[in-house]
Amino acid sequence: MNIAERAFSGLFPERHLSRKLVVKYSRAFNAYNANVKYTAGSMTFRLSYEWKKVSDEIKIGLIQLLLLKVYHEKKHTLNIDLYEKFIKSVGDYTQVTETEPVLEQSFNRVNEKYFYGMLDIPNLCWGASSFSKLGCYEYGANTVTISKVFQGDDEQTKEMLDYIMYHELLHKKQKFYTKNGRSFHHTSKFRKKEKEFENPDIEDELKRFLARKRRSYVFPRKKTGWFSRFF
Ligand SMILES: [Zn+2]
């Protein structure tokens with residue numbers, strides 16, 4: 001039995017497995033990312049290369065979470081618990097190798113203003129020019145990714161960038177909390193902190209900013225049948 005099959009039978013002991021489950025390691029991901037691609041006959045779990053060194057029990061938890069996404073089900077297992085503990089702490093030890101001057105300046109402004117300069121710099125990179133995914137923080141890779149929509153020299157764009165940066169850094173600081181196999185990232189504690197951003201109108205201004213920008217963009221179609229452990 002490979003680890004994906006073990007993950008399946010641990011999660012659904014009463015079910016018969018009708019698909020072939022495959023695990024592959026890929027260097028194409030950021031650290032500790034993973035996804036699953038599935039067809040009628042098979043499911044392929046792609047794990048970033050760093051997972052190779054991690055214990056099977058933790059990887060089983062990761063695969064179980066991906067399985068729950070595919071089947072749209074909620075459950076909790078000891079392995080999921082192990083995975084969550086692991087992913088919350090590993091980022092603090094993940095090497096910081098990626099940065100970019102504009103994002104670094106934004107990080108420094110936000111770190112000084114809202115975190116007393118106490119946060120360690122994470123990996124920083126620009127993502128696609130997306131209007132639906134403005135930013136994300138990957139716990140395992142310790143990486144903040146921000147949509148290219150926020151590239152620009154004017155003061156308003158910088159303020160919007162700082163707001164998105166603040167949101168993602170709050171994820172880095174607060175991590176997440178889990179209950180019944182679900183992870184909660186935007187808790188009330190999170191929202192309360194988010195509201196401490198110095199411009200109280202920032203949400204409305206952000207909506208208008210995006211509406212203005214959106215007119216000049218053409219959207220790529222969303223892929224279906226993919227789930228990744230991204231937040
Ligand atoms: Zn968020």
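Hey, could you check the stretch 182-220 for residues that are part of a loop (DSSP other than H, G, I, E, B) and surrounded by 14 or more Cβ atoms within 10 Å (Cβ to Cβ) and say which is modelled with the highest pLDDT? Please lay out each step first, then the result.
Pass one, the stretch 182-220, residues part of a loop (DSSP other than H, G, I, E, B): 185-187, 195-201, 215-220.
Of the ones still in play, those that are also surrounded by 14 or more Cβ atoms within 10 Å (Cβ to Cβ) are 185-186, 197.
Details: His185: 91, His186: 93, Phe197: 97.
Result: Phe197.
Starting from residues that are in contact (Cβ under 8 Å) with a residue 60 or more places away in the chain and over 17 Å from Gln151 (Cα atoms), keep the ones in the stretch 97-122 and report whichever is most open to solvent (accessible area, probe 1.4 Å). Spell out the reasoning first.
Let us first name the residues in the stretch 97-122 that are in contact (Cβ under 8 Å) with a residue 60 or more places away in the chain, namely 103, 107, 113-114.
From what is left, the residues that are over 17 Å from Gln151 (Cα atoms) are 113-114.
Numbers: Lys113: 118, Tyr114: 44 Å².
So, considering only residues that are in contact (Cβ under 8 Å) with a residue 60 or more places away in the chain and over 17 Å from Gln151 (Cα atoms), the one most open to solvent (accessible area, probe 1.4 Å) is Lys113.
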Looking at the stretch 55-75 only, could you name the residues that are at negative phi and surrounded by fewer than 18 Cβ atoms within 10 Å (Cβ to Cβ)? Ser55, Asp56, Glu57, Lys69, Val70, Tyr71, Glu73, Lys74, Lys75
Entirely in the stretch 54-145, the helices (runs of 4 or more DSSP H) that have 2 or more residues that are within 16 Å of the ligand (Cβ to nearest atom) and of a type in the set (S, T, N, Q): none
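Which one is nearest to Val90 (Cα to Cα) among residues in the stretch 142-159 that are crowded, with 22+ Cβ neighbours inside 10 Å and of a type outside the set (Phe, Trp, Tyr)? Show your work before the answer.
Initially, the stretch 142-159 is screened for residues crowded, with 22+ Cβ neighbours inside 10 Å, giving 142-146, 149-150.
Restricting the remaining residues to those that are of a type outside the set (Phe, Trp, Tyr) gives 142-146, 149.
Numbers: Asn142: 8, Thr143: 12, Val144: 15, Thr145: 18, Ile146: 21, Val149: 30 Å.
Selected residue: Asn142.
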Test each condition in (1) modelled with pLDDT under 95; (2) surrounded by fewer than 18 Cβ atoms within 10 Å (Cβ to Cβ); (3) within 26 Å of Glu98 (Cα to Cα) for Tyr25 and report the one that comes out false. (1)
List pairs: first in the stretch 168-179 and in a helix (DSSP H, G or I), second of a type in the set (D, E, K, R) and within 10 Å of the ligand (Cβ to nearest atom), Cβ under 9 Å, 6+ apart or cross-chain? Leu170/Glu194
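The values are calculated or read from the model by the stated rules, or taken from the named source; none is laboratory data. This one's a predicted model, so the numbers in the text were calculated from it and none came from an experiment. Counting neighbours? That spans all protein chains shown, and the Cβs are built from the backbone with ideal geometry, glycine included. Surface accessibility is based on the protein's heavy atoms, side chains included, excluding ligands, DNA and RNA. Shrake-Rupley method; radii C 1.70, N 1.55, O 1.52, S 1.80 Å.
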